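Below is one structure, written out as structure tokens; the observations come after it.
Every number here is computed from the coordinates shown, using simple stated rules; none is lab data. As the structure is a computational prediction, the values presented were derived from the model and not from experiment. Quick reminder, even Gly has a Cβ in these numbers, built from the backbone with ideal geometry, and neighbours come from all protein chains shown.
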Amino acid sequence: MADTEIVSHGTAHAEESTGGGLMRRLNMWTGIVVGVIAAVVVYFIAAKLWVNPDNENMAQGPDQAVIAAEVAWVIGFLVGVGAFVAPFRWLLGRDQTHDDEMFLAGKGQGVGRYLRFTTDHKVVGVQYLVLAMTTFGVGGILAMTIRTKLASPGEGLFGGQIYNGLVGMHGIIMIVSTIIMVVGPWGNFIMPIMIGARDMAFPRLNALSFWTLFPVVPIFLSVAFLGGIPTGWVAYAPLSDQAPPGMDAFAVGIIMFVISSGIGAVNLIVTATTMRAHGMTWNRTPIFVLGVTATSVLGLIALPCFEVGMIETLLDRSQEASFFVPEQGGSQWLYANLFWIMGHPEVYVILIPATAAILEMTPVFSRKPLFGARLAAMGIIALVALSVLVWAHHMFVSGWAPTLAGPFMLTTELISIPTGMIFLVLIGTIWRGRIWTRLPMLFVYGFLWNFMIGGITGIFLSDVPADNELHGALFVTAHFHYTLLGGAMIGAMAAIVYWFSKMTGRMFDERIGTWSFYTIMIGFNVTFMAMFFNGLSGMPRRVADYDPQYLIGNMISTAGAYVIAIGMLLFLYATVSSWRNGPIASANPWGAKTLEWYVPSPPPLENFEHLPVVTGDAYGYGEPNTIHTTHPGVPAVAQVAALAEGDAS
Amino acid sequence: MSTIEHHSDAGHSPESHALPPELVAHQQRRSMILFIIADAVYFACILLTYFYLRALNVDGMWFGPDAKVADAWLIWLIAGVTVLSAIAYRSGEMGIRANSRSRFQTGTLVAVLLVVAAIGLTIYQMMTWPILMSDGSYASTFILMTGTQLVHLFILLFIGIGIWNRGNKGKFDDGKYNHVTVVGYFWYWLALVAILGGLTSLLV
């Protein structure tokens, strides 16, 4: 195709500057100011129009006003942060100049570039990391509040309504945090370098993805001030139809989150499939890249189901629609299906990137090739394929389609096969390796332990009779925390300590990091093992009060939660102090072979002066004279020597 | 090695680092296809809603006592106008491929005007519809389908005006028309959705 139109990317630098003065003045603060003004103005207009006795639908007035204000906040924020500058200039035929592009990339802007609509993938990666850690902290504080409340039976700190709201907010904030905590920071920061690219395929879409997510956080926090969500994060109908206006904010937040995720997923897929370095066939592509790509595909096809469910919830609430209200022809099973068609793939959207990060670093610290690398790749692809066929196991006790319980039990049990394959790859890689027990490797061990327990207890729950007993019990809470927190979060922490030096140019404090690791692991297992026992004894989940016979288990869980909190604070301290004062890192402190370790730490604006050519296996450890890449102008022998020096460290 | 010389990011690279145009074109086409796949999942969920609630007919309220069937002629008129706009756009796209600027500008202008007409007709349809969201699940689902299509038509109008305007400014020629092709994918997809929506309306 004889097409030379790349104006939206780079050719515009041949054109003369068309100004861009406004664009250069916009940042996060202008976004917040414009967003708040838009939200307040729209709220008062909407309240005037709809929350008055003359309105026939007065009952829906507050919902309509909240929805309008939340949407105005998002649009106002995006206008204020400069997200729409480029599209409107495209519309007007005034493409951005090279100077504009360099400004958007953050060149010469210091720390200020982190607060702008910056297109450099490394800036976006850092933005995602900070956002994920912040939201994770908020979710953690909510978790501590919940555990403190459950330390003793009875009314305690607060009543059931507040408790339900806290559980719902904890759930959704943690789900969003865990979805973004690996793909966001490392899919953006590391993946393009890992494949030998200078940036993502669509740098502006990359920034748009992040800045569409940013205003979602205040929206979720606003839920608490709008009456909360009594439904938990699943937002089941018909309770969601009856919930206070906090549910409107929740739904708008989810819709924006899905849009942000979709934009990000498309960008990651196109980047991974079209921008790999010369010689990087799929067989030579690092497993982390494959994991991020597979996750993006899964998210792209699964998350819109949640979006539709939330739009229908909003219409039920604000327009008296009849999607989930049985007396008007709706069905709550419709919502349950829409939700779980998204919900179970979403578990793998969380798990696969963390698992891929663990798979990525295990050969580095075992000094062995990735055992059965193709098996791992097949396992990831099989997880993606099977994950869309298992949703109804979440609905075994709902009464929906009992005849399908058998097939869904079978598909759910089948999914343990690719999971087991990945486990086999990890164990096989460690087996008889020259183990180099640095902090990332500790997290690999932690991941294996926690995820093994989470996975095996999941097989119990896939069994219909067992699920009938356990579905409403605390056992399920313990199971999914073992997978999502013990597996995915530990994997995400491993990714932080592994790639920290590449992002910051400084080494992570391994001493405090090790204390943090053991503290978290002990606290985590104490907390959730006690929940398993309480659950098996019959304690229901999602309850603000409980029978005193479960007191000891709850006290142990609460004590364990405080230990986790101490570990998390230690990790946070290690992260911040290392970022500020950690020892300067070399380009390749782990002696790894993937491409990100061939560039300085932190990498320069465009990563590579000359793009590398991939010549071999990314995990060829222990194989003499194997390197993954060559660089023009540097003899291969010298590169082998440099790599060997890294190996010896 | 030539690959090294030409492989590059585009967003903020100096000219020597610019990505090969054919790669950029390939990326843009692929991204649009992926967006359409996500949109297709969204549309499939709405169809699932329609047929699931229709099949269940909970409490006989699929078609509530106050509900009326939406005017089929208006539904098909809007679908027809949308399809015609896609045909006009395609004609414009073929024009730029053949380096016929006048055909391109005429085709895209007609396409944009037809989208404006489709938007106007859809708004008219929603303003005069004999049903409300609260008239049962048929009414709710059909109004949702219509509203969703309206939002998509507004997006199409934005990018359609952009294509037409950029064409006027001489941004496209027979060797440089990838944006026209990529936007075309979205245009044809919306025309297909309009037809599928019309067919769905036959199954009250």
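Using +1 on the beta carbon of Lys and Arg, -1 on that of Asp and Glu, and nothing else charged, what's the dipole of segment A:22-117 about the Cα centre, debye to 20?
Values: 8 positive and 8 negative charges, 108 e Å.
Rounded to the nearest 20 debye, it is 520 debye.
In terms of the mean number of neighbouring beta-carbon atoms within 10 Å, the peptides A:411-422, A:164-175, B:135-146 order highest first as B:135-146, A:164-175, A:411-422. Net charge dipole, chain A: roughly 1760 debye, given to the nearest 20, about the Cα centre with Cβ charges of +1 for Lys and Arg and -1 for Asp and Glu.
Projected label points at A:Val40 and A:Ile522, each 7 Å from Cα along the beta carbon direction, are separated by 5.0 nanometres. Our helix-only sum for chain B, with -39,500 (n - 2.57) per DSSP H run of n ≥ 4 divided by its residues, gives a mean residue ellipticity at 222 nm of -26500 deg cm²/dmol.
Nearest 500 deg cm²/dmol is fine: what mean residue ellipticity at 222 nm does chain A get from its DSSP H runs of n ≥ 4 alone, each adding -39,500 (n - 2.57), divided by its residue count? Present the calculation step by step, with values, prior to reporting the outcome.
Working: 24 runs with 409 residues, N = 649.
Taken over chain A, the calculation gives -21000 deg cm²/dmol.
With a ≥ b ≥ c taken as the square roots of the eigenvalues of the C-alpha gyration tensor of segment A:118-581, please select rounded if a/c is under 1.5 and otherwise prolate if a/b is larger than b/c or oblate if it is not? Note, shape of segment A:118-581 comes out rounded.
Per-residue Cβ counts within 10 Å, from other chains only, averaged over A:102-108: what number is that?
Values: counts 4, 1, 2, 4, 1, 1, 0.
Going residue by residue through A:102-108 and averaging, the value is 2.
With the charge dipole of the protein assembly as shown set up from +1 on Lys and Arg Cβ and -1 on Asp and Glu Cβ about the Cα centre, the Cα lying farthest toward the positive end among the listed residues A:Leu383, A:Gly406, A:His628 is that of A:His628.
Count charges around B:Ala111 for me, please; just the other residues with Cβ under 10 Å from its Cβ, Lys/Arg as +1, Asp/Glu as -1.
Details: positive: B:Arg90; negative: B:Glu93.
It works out to a net charge of 0.
Just to be sure I follow the rule: in the protein assembly as shown, considering lysines 8 or more places apart or on different chains, how many pairs have Cα atoms under 27 Å apart? Spell out each step's value before the answer.
Working: A:Lys107/A:Lys122; A:Lys107/A:Lys502; A:Lys122/A:Lys502; A:Lys122/A:Lys593; A:Lys368/A:Lys502; A:Lys368/A:Lys593; A:Lys502/A:Lys593.
Close lysine pairs under the 27 Å cut-off: 7.
Mean per-residue shielding of peptide A:610-619 is 2, counting Cβ atoms of other chains within 10 Å of each Cβ. For segment B:136-204 and segment A:248-270, what is the separation of their Cα centres, given in Å? Value for the Cα centre distance between the two parts: 21 Å.
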